[in-house]
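The values are calculated or read from the model by the stated rules, or taken from the named source; none is laboratory data. The shown structure was predicted, so the numbers you read here are calculated from the model rather than taken from an experiment. Cβ: placed from backbone, ideal geometry, glycine included. Neighbour counts: every protein chain shown. What goes into the accessible areas is simple: the full protein's heavy atoms, side chains included, and nothing from ligands, DNA or RNA. Shrake-Rupley method; radii C 1.70, N 1.55, O 1.52, S 1.80 Å.
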Amino acid sequence: MDIKARIEASPMKRVQVGVIAVCMALYMIDGFDVLVMAFSANAVMGYWALSASELGVLLSAALDGMAIGSIFVSSISDVIGRQKTLVLGAVVVSLGMLGSTFSPSYEALVALRFVTGLAVGTLQATANVLASEFSNAKRRSTALALVSIGQPVGGVVGGLVTGALVHAFGWQSAFLFGTIITAVMIPVILLAVPESVDYLLARRPSDAVQRANKVLHRMEQPAIADLPAAAPAPARKKSRFAGVLTGANARRTILISLA
């Protein structure tokens, strides 16, 4: 039986549930990291005597970075792997939040928020793909819904936490809190999130069989002796975005993006 079909038909195992939980937690933290600027806007505006337009740039910097990161930077996960991309994204977000805590100027904070947004967008796109790849067919919709719910939940909880922190310790404390909770996720990702079998079968690194068998063992699936035959190469190489912007997918892509 095909490896992917076997995973699709099998009940969810502990490691798969763990991956979904980690992806949801990342979405919650990302929800906080993106909205922390809005939560501390009044304090930051007073701290540097910013105008309304300057505050607007500061508030939108992370969102601009998210858009670019999710569309363009997240494709790095197809090159280095899902797990490494999650770790790299969490490291960059942690450093961006730490730098924001000690930002010496408004301009530096804008740049740091943009870079943090790039990493957040990359994290979210990768976590969404990973949750789909580790879910079976029956639970995939539920898994993706739970992961997506993480962002507004993180925003609500983050707003309550930030309000208390800013009132007691100043706006920098909110960014320091974001640094800590994001950094905590790095070892969690390394321990709980194995590399995607889909990625290993598609990229086929030299040790793909050994790595795939480790993941399959954790998923309580039989080991494989060899990789399945690779799909035939396309007649001509298409753009990375051609598949979602042509044919029947074009309409779906546009409608989903508008939604």
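Restricting attention to the range 158-184, the residues that are free of Cβ contacts under 8 Å to residues at least 24 places away in the same chain, of a type in the set (Phe, Trp, Tyr) and closer than 15 Å to GLY99 by Cβ total 1. Condition check for PRO187 on (1) without any contact (Cβ under 8 Å) to a residue 60 or more places away in the chain; (2) over 14 Å from ASP33 (Cα atoms); (3) over 19 Å from the mean Cα position of the chain (by Cα): one failure, at (3).
The residues of the range 173-188 that are open to solvent by 50 Å² or more (accessible area, probe 1.4 Å) and not hydrophobic (A, V, I, L, M, F, W, C) amount to a single one, PRO187.
So which of LEU258, LEU227, LEU191, LEU216 ends up being loosely packed, with under 11 Cβ neighbours inside 10 Å and farther than 25 Å from ALA67 by Cα?
Values: LEU258 fails: farther than 25 Å from ALA67 by Cα; LEU227 fails: loosely packed, with under 11 Cβ neighbours inside 10 Å; LEU216 fails: loosely packed, with under 11 Cβ neighbours inside 10 Å.
Criteria check complete, one pass: LEU191.
Those residues that are in a helix (DSSP H, G or I), hydrophobic (A, V, I, L, M, F, W, C) and at pLDDT below 95, I need them from the range 1-27; list them, please.
Step one: filter the range 1-27 for residues in a helix (DSSP H, G or I), giving 3-9, 14-27.
Right, trim to hydrophobic (A, V, I, L, M, F, W, C) and you get 3, 5, 7, 9, 15, 17, 19-26.
Within the range 1-27, ILE3, ALA5, ILE7, ALA9 meet the criteria.
Between LEU191, LEU160, LEU176, which is within 23 Å of SER77 (Cα to Cα) and among the aliphatic types (A, V, I, L, M)?
On the way: LEU160 fails: within 23 Å of SER77 (Cα to Cα); LEU176 fails: within 23 Å of SER77 (Cα to Cα).
So the residue among LEU191, LEU160, LEU176 that is within 23 Å of SER77 (Cα to Cα) and among the aliphatic types (A, V, I, L, M) is LEU191.
Among the residues of the range 97-109, those that are touching a residue at least 40 places away in the same chain (Cβ under 8 Å) and assigned to a helix (DSSP H, G or I) comprise MET97, LEU98, SER100, THR101, TYR106, LEU109.
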